[in-house]
Amino acid sequence: KRACVGQQLARIEIFIFLTSLLRAFNFRLPEGVKELNEEPVAKMPIAKFTNIPHQFNQEVVYEQYA
């Protein structure tokens, strides 16, 4: 089986990038929104193997950390 030489490095870099975002920013629902609709959108022709979530708004606030 062939494998990409840099695949493991790419996975580590993506993990570090995403955890840095989660650490630096606070993701929350806008004021007045109590909950999200978690049901997937009805089956669509282009979504044969994935679920498509409903659109939603969120606030992303930078939180400086030490």
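The values are calculated or read from the model by the stated rules, or taken from the named source; none is laboratory data. Source: prediction; values computed, not measured. Glycine gets a Cβ as well: all are built from the backbone with ideal geometry, and neighbour counts include every protein chain shown.
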Original post:
Got a number for residues in the stretch 6-50 being assigned to a loop (DSSP other than H, G, I, E, B) and at pLDDT 80 or above?
Top reply: 8
**OP:** Please go through the stretch 1-29 and pick out each residue that is under 30 Å from residue 56 (Cβ atoms) and either of a type in the set (Lys, Arg) or in contact (Cβ under 8 Å) with a residue 12 or more places away in the chain (or both).
**Re:** 11, 23, 24, 25, 26, 27, 28, 29
Original post:
Only one of (1) at pLDDT below 85; (2) surrounded by 10 or more Cβ atoms within 10 Å (Cβ to Cβ); (3) of a type outside the set (Phe, Trp, Tyr) is not met by residue 3, so which one is it?
Top reply: (2)
